[in-house]
Structures are given as C-alpha cells and as structure tokens.
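All remarks here apply to the structure that follows.
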Amino acid sequence: MSKSEYLSIVESARQKFNAGDMEGYLTTLYDSNAALHYLPPGLPPGLAGARLFYAGFAAAFPDAQLSFDDVISEGDKVAVRYYVAMTHQGEFQGIPPTGKHLTLPGITILRFGDGKVVERWNEADFMGLLQQMGAIPQP
C-alpha cells in the first residue's frame, strides 16, 4: 500500500472516532488479530480487548474528539502525535464523573499489513489525565 492509502485509513478511523462510532473506528483500523501493546492489564488481547477498552472510554467521555498534530508515514508504519479533548461524563477506571473538560495528548505507532493495523504501540499521558480529574495530586 502507498503512504497516501495508509493516511487515508487513519483519517477515516479518526472521523469515525469523532462521530462516536467506536466499532467503525476499530474495524476500519485494526486487523482482527492485531497485537495492541497499549491495552491495560486484564483485558483480552487484540480487537476483543480494544472493544472493551473503547466501550469504557466512550461511556466515560462520550464527546471525545481526536485531533492529529503530526502524521508521519514510512514503510509499513504510521506515527501519529495526537490530542483528545473530552468531558468526563461517566465513570472511568473507578473514578466517578467530574464534568471536567480534559485533554489527553499521546503518540502512537501503527504497523500495517494487508490494509489494516496489525500492531500498535501507544504512549498517552494518562497520569496527566488522572491529575486533571483530581484522582491524583498535581506535582
């Protein structure tokens, strides 16, 4: 696949995420057997774990909007520096809703195979997110 095809898939997935279509986001982006190195402990691997993670995320932050600051494609990989803006409207990892507007910056690397992501690494500032929620003290 070409760089532009990879970028088109990533952009299509972003649009589905922003429309609240998490299933569309997941199936546009991921191969059913994708190795997802970002899932929290206790979730099943692959797409099954991603479905559980994003169901909880969407319930807690139903207005989440994903923006891309940088998108870089090289070979079979796409790197994205992203930013999620959202309001904490439902329980998230045991933390009751605060009504606070939150931001979550992160960087992810996607490896493609046959038009889908087959492997993903992700680093997001969840510590900062918990601080914004008031769940842990600011430094």
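Considering the range 103-123, and only residues there that are closer than 23 Å to Phe61 by Cβ and among the charged types (D, E, K, R), the residue that is surrounded by the fewest Cβ atoms within 10 Å (Cβ to Cβ) turns out to be Glu123. Restricting the range 109-139 to residues that are among the hydrophobic types (A, V, I, L, M, F, W, C) and assigned to a strand (DSSP E or B), the residue that is farthest from Val71 (Cα to Cα) is Val118. Somewhere in the range 105-118, is a residue charged (D, E, K, R), touching a residue at least 12 places away in the same chain (Cβ under 8 Å) and more than 21 Å from Glu11 (Cβ to Cβ)? Checked against the condition, which is being charged (D, E, K, R), touching a residue at least 12 places away in the same chain (Cβ under 8 Å) and more than 21 Å from Glu11 (Cβ to Cβ), the range 105-118 yields no hits at all. Restricting the range 82-108 to residues that are within 14 Å of Ser67 (Cα to Cα) and either outside any strand (DSSP E or B) or among the hydroxyl-bearing types (Ser, Thr, Tyr) (or both), the residue that is farthest from the chain's Cα centre (by Cα) is Thr103. Within the range 71-92, the residues that satisfy the criterion of being within 23 Å of Leu52 (Cα to Cα) and touching a Pro at 6+ places or on another chain (Cβ under 9 Å) are Tyr82, Tyr83, Val84, Met86, Thr87, His88, Gln89, Gly90, Glu91.
Let's see how each residue does on (1) charged (D, E, K, R); (2) in contact with a strand residue (DSSP E or B) (Cβ under 7 Å, 6 or more places away or on another chain):
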site: Ser12; (1), (2): no, no
site: Pro44; (1), (2): no, no
site: Tyr54; (1), (2): no, no
site: Ala60; (1), (2): no, yes
site: Asp69; (1), (2): yes, yes
site: Asp76; (1), (2): yes, yes
site: Ala79; (1), (2): no, yes
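Residue-wise test of (1) surrounded by 16 or more Cβ atoms within 10 Å (Cβ to Cβ); (2) at pLDDT 95 or above; (3) hydroxyl-bearing (Ser, Thr, Tyr).
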position	(1), (2), (3)
Ala48	no, yes, no
Thr87	yes, yes, yes
Gly90	no, yes, no
Thr98	no, yes, yes
His101	no, yes, no
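Among the residues making up the range 29-59, a single one is over 13 Å from the mean Cα position of the chain (by Cα), over 17 Å from Leu104 (Cα atoms), outside any strand (DSSP E or B) and touching a residue at least 12 places away in the same chain (Cβ under 8 Å): Gly46.
Per this entry, Val78 is counted among residues that are assigned to a strand (DSSP E or B) and in contact with a helix residue (DSSP H, G or I) (Cβ under 9 Å, 6 or more places away or on another chain).
The values are calculated or read from the model by the stated rules, or taken from the named source; none is laboratory data. Note that the coordinates shown come from a computational prediction; the quantities given were computed from them, not determined experimentally. Glycine gets a Cβ as well: all are built from the backbone with ideal geometry, and neighbour counts include every protein chain shown.
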